[in-house]
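To keep things clear, I will list the structure first and then write my remarks on it.
Values in this text are rule-based calculations from the coordinates and carry no lab data. Note that the structure is predicted; figures quoted are calculated from it, not measured. Using ideal geometry, Cβ is built from the backbone for each residue, glycine included, and neighbour counts are taken over all protein chains shown.
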Amino acid sequence: MILLYTIKIMKGNKMKSVKQTKSKDAIYKALIRIMANKNFEDITIVEITKDANVARRTYYSNFESKYDIINYGNEIIIHKFIEILKSSNNYSFRVFTNLFFSYFKEYASLINLIEEVSIKNINTSFINTLLNYKNELNLYFNLSDDPYLFKFQIEYLTEIFKITLMKWYKNDFNEDIDTLANVIISTKDILR
């Protein structure tokens, strides 16, 4: 009897988790849609919840602020990228670079949108999320064991890749991925 009750609770929590994820996704997508036409600071919670078709209570049970919504989206984007990295069986810097540009090409307009609104703590969120994937990143890079140096290396890499991605985006993706990889690889020795 207790086991059956526990299973029902577990199923209930799993269902709640799926519903919560769908709500979070809807809220995130709504914010991004609205940001395409309106300044981030001017967007209200009412606008977000209306566009997402969720109650304000749902918003507040998932997020504390609009920045939390962006952070949520960053975590999803990075997690998917890390999964791609894990599935690779070639751990060279060139492979990482090619995977990065192939994957993030899809998200370039979103990253540009976030960049345009100058949300400073979003970069911090992106970097902090990457810091959680040290083992996966060490497959491709020779990163320091020292926590301070490791964070510096991640910040440095993030900026180089982001700047290159944004220039590529603003140039309508005219350069091929190998050209971008060569640009990034030429800076690699700075990390050593």
Listed pairs 24/50; 66/86; 22/170 exceeding 25 Å between Cα atoms:
66/86; 22/170
Distance in nm between label sites at residue 179 and residue 61, each 7 Å beyond Cα in the beta-carbon direction?
5.1 nm
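Of the listed peptides 170-177, 53-60, what is their order by residue-averaged count of other C-beta atoms within 10 Å, with the highest listed first? List each step's numbers first, then the result.
Details: 170-177: 11.1, 53-60: 14.1.
With the highest mean Cβ count within 10 Å placed first, the list reads 53-60, 170-177.
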